[in-house]
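Student: I'd like to ask some things about the structure below.
The values are calculated or read from the model by the stated rules, or taken from the named source; none is laboratory data. Since this is a predicted model, take the numbers as computed values, not measurements. Every residue, glycine among them, receives a Cβ derived from its backbone with ideal geometry; neighbour counts consider all protein chains shown. Please note that ligands, DNA and RNA were not included when accessible areas were found on the heavy atoms of the full protein model with its side chains. Shrake-Rupley method; radii C 1.70, N 1.55, O 1.52, S 1.80 Å.
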Amino acid sequence: MRICMLTRTTRLHSKGGMEDHIAMLCQGLAQSGHTIEIITTSLPKTSPQRLVQKTEQKAGPGKIITHLIPGTTPRHYSTKWFAQSLRLFLELNSRGRFDVVHGQSAAAFYVIRARMRGAHNVPTVSSLHGTIFDEIKTQLNLLSSPPSSFSDLKDSLIAPIKIAMHYHSLHFMDKEYI
């Protein structure tokens with residue numbers, strides 16, 4: 001199978017639970033002979049590979065190809081990310097149809113929207129790693145306890161902005177996506 005994986009972060013970006021989940025999933029699929037093409041954000045400026053836009057690794061009988069979208073904010077969704085990830089997906093799909101698209105969290109939002117509008121017919125699945133309500137709860141918890149460091153203070157000060165952004169996302173994007 002040829003699988004398109006959309007995600008805002010990979011092990012190239014940082015370490016973490018979602019990055020490990022994606023790496024193990026892709027490696028397992030490649031070990032079974034599948035080709036996985038990951039579409040993700042650009043790398044942080046501090047990364048030694050930040051100028052690379054495409055990497056490829058052999059993993060058993062399959063392979064994993066990672067496409068980094070230049071000019072996007074590493075590890076974060078943005079209007080530019082959604083538009084460019086859709087453009088790249090459609091370009092790659094036109095070269096050879098994907099068998100399935102797997103989006104991590106909201107990464108496949110525009111790809112799903114394009115499918116609903118008839119731009120492609122690739123089956124698409126999305127794995128949600130928590131909900132907007134979890135994110136809002138986290139921000140409210142930050143506000144309910146006194147900051148114990150400068151970092152905590154900074155997080156507490158921007159928590160109301162993040163809550164507003166999450167509510168905006170819930171009402172204007174996630175509702176359609178889900």
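Conditions tested, residue by residue: (1) among the basic types (Lys, Arg); (2) open to solvent by 50 Å² or more (accessible area, probe 1.4 Å); (3) closer than 16 Å to residue 78 by Cα; (4) at pLDDT 75 or above.
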position: 126; (1), (2), (3), (4): no, no, no, yes
position: 129; (1), (2), (3), (4): no, yes, no, no
position: 147; (1), (2), (3), (4): no, yes, no, no
position: 153; (1), (2), (3), (4): no, yes, no, no
position: 162; (1), (2), (3), (4): yes, yes, yes, no
position: 168; (1), (2), (3), (4): no, yes, yes, no
position: 175; (1), (2), (3), (4): yes, yes, no, no
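Student: Mind checking which strands (runs of 3 or more DSSP E) fall wholly inside segment 1-115 and carry at least 2 residues that are of a type in the set (S, T, N, Q) and open to solvent by less than 30 Å² (accessible area, probe 1.4 Å)?
Tutor: 35-41
Student: Right, another one. Cβ-Cβ under 9 Å, sequence separation 6+ or interchain: first residue in segment 58-71 and at pLDDT below 90, partner assigned to a strand (DSSP E or B). Which pairs?
Tutor: Taking only residues 6 or more apart or on different chains, the pairs are 58/64; 59/36.
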